[in-house]
Amino acid sequence: MSKPYDPKDFYFRQAKKAGYRARSAFKIDEILKRHPVLKKGQAVLDLGAAPGGFLQILADVVGEKGIAVGVDIEEIRRIGKPWVKTAVVDLLQPAALEQIKLLYPGPYDLVTSDMAPKTIGVKVTDEARSLELCRMALGVAEKTLRHGGAFVTKVFVGGDFPVFKKELQVHFAKVHIVRPAATREHSYECFLVGLGYKHGPVVAAAGR
Ligand SMILES: C[S@@+](CC[C@H](N)C(=O)[O-])C[C@H]1O[C@@H](n2cnc3c(N)ncnc32)[C@H](O)[C@@H]1O
């Protein structure tokens, strides 16, 4: 018999212990260990960043000479590091890109999205809404990434997942699938990691 859902599972407890705001901190940490696409001094944009688990990891990776921007439809509590900028932005609104560029105009070395809709428990609807957010995130990445930059997005596997993966392959030299260990056992989420953005401005590799 499958185990009941336990919100106080191993990664939940580990996150509390480490001072992370969400277990998802471990997910981006693992993704960056497997695909080291972000360095000190670089710029990263995190979409759907509340409460700030990803952002805590990303801020530490880029360090004080870098910039980490996080936006969400919900308020993100201050991270307390001057190189982290946050704002309330609804990615489904037409002004979203402008609002992001006010925080930092780019180009970014990495764009991440852990955005998720409020699920209603109907798989096809939840998948479709998740994919809509993925496509919005990809749209922002296309307008903010530097040439050679990377994109990481959470996707629910099912429905149009293979179609979206193909859309990513148009824009990135390589696309990998990662299902981090911190993912809940019964979740059908995974992350698509696009490496080597084919368009965008060419900037010096040593950061900014
Ligand atoms: C799984 S949580 C992100 C957790 C975050 N990565 C962390 O590590 O703390 C998904 C987030 O997506 C955000 N979200 C959903 N729809 C959004 C939208 N239209 N625009 C911006 N953020 C959105 C939610 O508010 C929620 O905070």
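Rule-based calculations on the coordinates, nothing more; no lab input. All figures in this text were calculated on a predicted structure; none of them were measured in a lab. FYI the Cβ positions are ideal-geometry reconstructions off the backbone, even for glycines, and counts take in every protein chain you see.
In a residue-by-residue description of the range 138-155, the property of being within 25 Å of His186 (Cα to Cα) and assigned to a helix (DSSP H, G or I) applies to no position. Those strands (runs of 3 or more DSSP E) of the range 4-104 in which at least 3 residues are touching a residue at least 60 places away in the same chain (Cβ under 8 Å), considering only elements entirely within it, cover 43-47. The set of residues in the range 105-137 being assigned to a loop (DSSP other than H, G, I, E, B) and more than 19 Å from Val84 (Cβ to Cβ) consists of Ala116, Pro117, Lys118, Thr119, Ile120, Gly121, Val122.
The residues of the range 47-72 that are within 7 Å of the ligand (Cβ to nearest atom) and under 18 Å from Leu138 (Cβ atoms), listed by number, are Leu47, Gly48, Ala49, Phe54, Val71, Asp72. Annotation: of all residues in the range 80-102 being within 17 Å of the chain's Cα centre (by Cα), more than 11 Å from the ligand (Cβ to nearest atom) and aliphatic (A, V, I, L, M), the one that is nearest to Leu45 (Cα to Cα) is Val84. Scanning the range 170-183 for residues that are exposed (fewer than 14 other Cβ atoms within 10 Å of the Cβ) and outside any strand (DSSP E or B), we see that the one that is farthest from the chain's Cα centre (by Cα) is Val170. When we screen Ile76, Ile57, Ile67, Ile100 for residues that are crowded, with 17+ Cβ neighbours inside 10 Å and closer than 16 Å to Val152 by Cβ, the only hit is Ile57. Taking the criterion of being small (Gly, Ala, Ser) and surrounded by 14 or more Cβ atoms within 10 Å (Cβ to Cβ), the residues of the range 119-169 that qualify are Ala128, Ser130, Ala137, Ala141, Gly148, Gly149, Ala150, Gly158, Gly159.
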